[in-house]
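The values are calculated or read from the model by the stated rules, or taken from the named source; none is laboratory data. Please read all numbers here as calculations on a predicted model, not as lab measurements. We place every Cβ from the backbone using ideal geometry, glycine too, and count neighbours over all the protein chains shown. Quick note on the areas: whole protein, heavy atoms, side chains included, nothing else; ligands and nucleic acids left out. Shrake-Rupley method; radii C 1.70, N 1.55, O 1.52, S 1.80 Å.
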Amino acid sequence: MTDLPAEVWRALGTVLDPELDEPITDLDFVESCTVSPSGEVTVGLRLPTFFCAPNFSFLMVADAYDAVSAVPGVTRAVVSLADHHASEEINGGVAAHAGFVGSFEGEATAELDELRHVFLAKAALAGQDRLARPLVDEGLGPDELAELTLADIPDSMELRRLRDRRMAIGLPYENDAPLLVHPDGSRVTSAQVPLHLRRARLQRVGIETNGEYCKSLLKTRYSEEAKARA
């Protein structure tokens with residue numbers, strides 16, 4: 001028999017904060033998740049601050065709704081965001097399948113596909129540093145790094161994550177794809193490796209630093225609210 005609550009939680013784990021490139025479950029953005037015997041799912045989300053960007057917030061709520069709704073056995077899904085200045089617009093828009101423009105009529109002029117692409121590209125660049133950095137530490141030089149393909153990298157969660165990000169934005173992700181690629185998918189040459197890895201390193205550090213900061217904000221925000229209610 002399928003463990004529906006576990007499947008729902010697993011689906012929520014595929015939903016990313018677009019800027020931080022981490023699952024909302026790992027970030028503790030899922031405040032509640034209930035599954036009824038009839039397959040009705042209710043998910044409550046929360047974010048680090050009251051003023052988190054509406055576009056990022058909308059993406060997470062909409063993606064969570066889509067992920068949960070796609071789980072076999074789910075008959076109805078309700079996903080809502082609490083304690084946010086645009087909760088009403090976001091929750092109503094996602095429930096009505098209105099899209100970002102329809103949810104913020106008169107304010108938003110475009111859907112969020114381009115924004116999603118931008119952050120997936122940043123995540124794909126950061127992923128190159130995660131995989132290449134240990135090889136650099138082992139002594140591999142620019143010539144060797146420039147020749148590496150994804151097939152040369154041992155399987156790992158980081159490698160699978162890099163493949164997923166590349167596939168999502170149309171970059172080469174098969175075994176014969178270079179480990180180091182430019183934003184247009186072309187191979188990084190030996191001469192370009194040092195600068196490329198510096199850029200990848202900066203991107204990775206930026207993402208990870210923002211992630212730790214957001215986790216700290218979330219913990220502080222809700223621990224203070226809990227104290228206030230006590």
* For the pair residue 28 and residue 209, how long in nm is the line joining their label points, each one 7 Å along Cα→Cβ? -> 2.3
* Structure fact -> One finds, for residue 187 and residue 51 with R0 = 35 angstrom and r their Cβ-Cβ distance, a FRET efficiency to the nearest 0.05 of 0.25
* Can you check what the net charge comes to around residue 29, using other residues whose Cβ is under 13 Å from the Cβ of residue 29 (Lys, Arg +1; Asp, Glu -1)? => -4
* Quick one: length gained pulling residue 151 to residue 14 fully straight, 0.36 nm per residue minus the C-alpha distance? -> 46.9 nm
* To do: Find the centroid of the Cα atoms in segment 1-48 and in segment 93-145, then give the distance between the two in whole Å.
  => 21
* Structure fact -> Between residue 158 and residue 97, the two model label points (7 Å from Cα along the beta-carbon direction) sit apart by a distance in nm of 4.1
* In deg cm²/dmol and to the nearest 500, what is the mean residue ellipticity at 222 nm of the chain if only DSSP H runs of at least 4 residues count, each as -39500 (n - 2.57), divided by the residue total? -> -17000 deg cm²/dmol
* Cut-off of 10 Å, at most 13 other beta carbons, DSSP loop: longest stretch of the chain lacking such chymotrypsin sites (Phe, Trp or Tyr not before Pro) -> 52-230
* Structure fact -> Whole-percent carbon and sulfur contribution to the accessible surface of the chain (1.4 Å, no ligands, DNA or RNA) stands at 54
* Asked: What does the charge add up to near residue 203, with Lys and Arg as +1, Asp and Glu as -1, over the other residues with Cβ less than 15 Å from its Cβ?
  -> +4
* **Coil-residue trypsin sites (Lys or Arg not before Pro) of segment 71-147, DSSP, other Cβ within 10 Å capped at 13** => none
* Asked: Taking a label point 7 Å from the Cα of residue 107 along the Cα→Cβ vector, which residues of segment 68-86 have an amide N closer than 17 Å to it?
  -> 81-86
* Candidates per GluC sites (Glu not before Pro) in segment 63-120, loop by DSSP, up to 16 other Cβ within 10 Å -> 105, 107, 111
* Asked: If we count every other residue with Cβ under 14 angstrom of residue 160's Cβ, Lys/Arg +1 and Asp/Glu -1, where does the sum land?
  -> 0
* Taking Cα centroids, how far is segment 163-216 from segment 63-79 in Å? -> 31
* Segment residue 174-residue 114, extension gain: residue separation times 0.36 nm, minus the distance between their alpha carbons -> 19.2 nm
* Mind putting a number on the dipole of the chain about its Cα centre? Charges go on the C-beta only, +1 for Lys and Arg and -1 for Asp and Glu, and I need it in Debye to the nearest 20. => 380
* Structure fact -> Taking a probe of 1.4 Å and leaving out DNA, RNA and ligands, segment 4-103 shows per residue an accessible area in Å² of 43
